[in-house]
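See structure below.
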Amino acid sequence: MLKAGTELTTADKMEHLLIRLGYKRGEHKVEPGLYSLGDPTDMSPVFVTANYKLSFDALRTGLKGMDAYILVLDTKGINVWCAAGKGTFGTEELVARITSSRLEEIVRHRELILPQLGAPGIAAHEVKRRTGFNVIYGPVRASDIKTFMEGGKKADEKMRTVTFPMKERLVLIPVELKNFFIYALAFCILGYLTAGPFGLMVVLSIYLGGLVLFPILFPYLPTKDYSTKGMFVGGLISIPLIAVALCKWKGIDTIDLVAYEISIVLYSLAFTGYLGLNWTGATPYPSRSSVRREIFRYIPVMALFAIVATVLTLLAALFRSGGW
């Protein structure tokens with residue numbers, strides 16, 4: 001059996017910083033298996049989590065002052081919520097880990113406390129049938145576990161409510177900026193080569209709009225779907241871009257100017273909408289079915305917007321050069 005503590009070391013905190021910056025994504029994991037916390041007995045509670053470093057550390061620090069066991073599933077270094085959707089925080093892995101850790105010989109009770117966000121991946125009745133252990137779902141946040149336990153393993157509405165406050169949204173921004181950096185750099189170069197500083201401005205506006213402005217405004221954006229929320233942000237950032245375009249190109253033919261303005265709006269809608277859709281993988285709200293529905297519904301629309309914008313841009317450039 002492995003041993004776990006409730007205090008974060010300097011090394012733990014440094015690794016947390018690297019995780020937040022997206023460094024070596026997918027490699028921040030702990031060894032799966034059964035951990036003892038404090039001085040547990042055969043009647044101490046058993047908590048289940050993923051082997052993602054942040055998930056494991058959130059649980060163990062939330063259990064400070066308690067004697068307990070932590071059963072860590074092999075989720076391939078993915079957090080509980082995402083792993084439940086992917087199937088790695090699932091029934092088969094839980095049953096296999098109970099068996100391999102010989103948990104039935106270590107504790108006399110037959111209760112497992114799982115995080116609420118792991119529920120989509122677990123068939124509790126199947127776990128009970130195959131192992132004899134009952135599944136109890138704890139609160140959404142590890143910080144509420146002590147209150148949950150003191151309340152007789154009962155969670156109130158606040159503990160069951162999934163939230164995504166500003167602090168948590170801001171923490172995710174550096175990771176998303178890093179993930180899209182190479183693509184943004186390539187488009188920045190392309191934008192500068194085709195339209196100079198203004199093209200660079202358009203690309204940076206879309207990049208920052210989808211990855212910074214979107215999460216900041218997230219709760220206040222209209223519509224339910226992430227894609228249309230992103231398109232709304234795209235519409236907002238296209239307004240100052242159009243104003244700049246009017247000043248920059250006020251001497252060109254009206255038809256060319258209109259084509260450029262429409263292309264700016266369509267590019268903003270397409271790419272900011274796509275970046276908004278990408279946030280479905282970083283927030284605790286969407287289900288697999290809703291994400292799938294959004295992909296099939298809006299990706300073709302975004303692609304069409306981008307194609308039409310490109311055609312308009314090329315036509316306007318040809319007219320201006322006298323090619324037609």
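The values are calculated or read from the model by the stated rules, or taken from the named source; none is laboratory data. The structure displayed is predicted, hence computed values, not measured ones. FYI the Cβ positions are ideal-geometry reconstructions off the backbone, even for glycines, and counts take in every protein chain you see.
A few points about this structure:
- Among the residues making up the stretch 282-316, those that are crowded, with 18+ Cβ neighbours inside 10 Å and either without any contact (Cβ under 8 Å) to a residue 12 or more places away in the chain or not aliphatic (A, V, I, L, M) (or both) are PRO286, GLU294, TYR298, PHE305, THR313.
- Filtered by the rule that a residue be touching a residue at least 40 places away in the same chain (Cβ under 8 Å), charged (D, E, K, R) and out of contact with any Gly (no Cβ under 8 Å at 6 or more places or on another chain), the stretch 189-241 gives a lone residue, ASP225.
- Filtered by the rule that a residue be in a helix (DSSP H, G or I), touching a Leu at 6+ places or on another chain (Cβ under 7 Å) and not hydrophobic (A, V, I, L, M, F, W, C), the stretch 269-311 gives GLU294, TYR298.
- Residues (in a helix (DSSP H, G or I) and without any contact (Cβ under 8 Å) to a residue 40 or more places away in the chain) located in the stretch 101-136: GLU104, GLU105, ALA119, GLY121, ALA124, HIS125, GLU126, VAL127, LYS128, ARG129, ARG130, THR131
- Out of GLU27, GLU31, one residue alone is closer than 27 Å to TYR137 by Cβ, exposed (fewer than 15 other Cβ atoms within 10 Å of the Cβ) and either in contact with a Ser or Thr (Cβ under 8 Å, 6 or more places away or on another chain) or without any contact (Cβ under 8 Å) to a residue 60 or more places away in the chain (or both). It is GLU31.
- Strands (runs of 3 or more DSSP E) contained entirely in the stretch 1-64, each with at least 2 residues that are modelled with pLDDT of 95 or more: 33-37, 46-50
- Residue among ALA124, ALA119 that is more than 18 Å from the chain's Cα centre (by Cα) and not charged (D, E, K, R): ALA124
- Spans of helices (runs of 4 or more DSSP H) in the stretch 138-203 with at least 1 residues outside the structural domain of GLU261 (by TED's automatic domain parsing) and over 18 Å from PHE214 (Cα atoms): 145-150, 157-160
- Within the stretch 79-100, the set of residues being without any contact (Cβ under 8 Å) to a residue 60 or more places away in the chain, charged (D, E, K, R) and within 19 Å of ARG129 (Cβ to Cβ) comprises GLU92, GLU93.
- Test: GLY132 is at pLDDT 95 or above, of a type in the set (Gly, Ala, Ser) and within 19 Å of VAL48 (Cα to Cα): yes
- The stretch 254-270 - residue that is buried (at least 23 other Cβ atoms within 10 Å of the Cβ) and of a type in the set (Gly, Ala, Ser) and, of those, farthest from PHE214 (Cα to Cα): SER263
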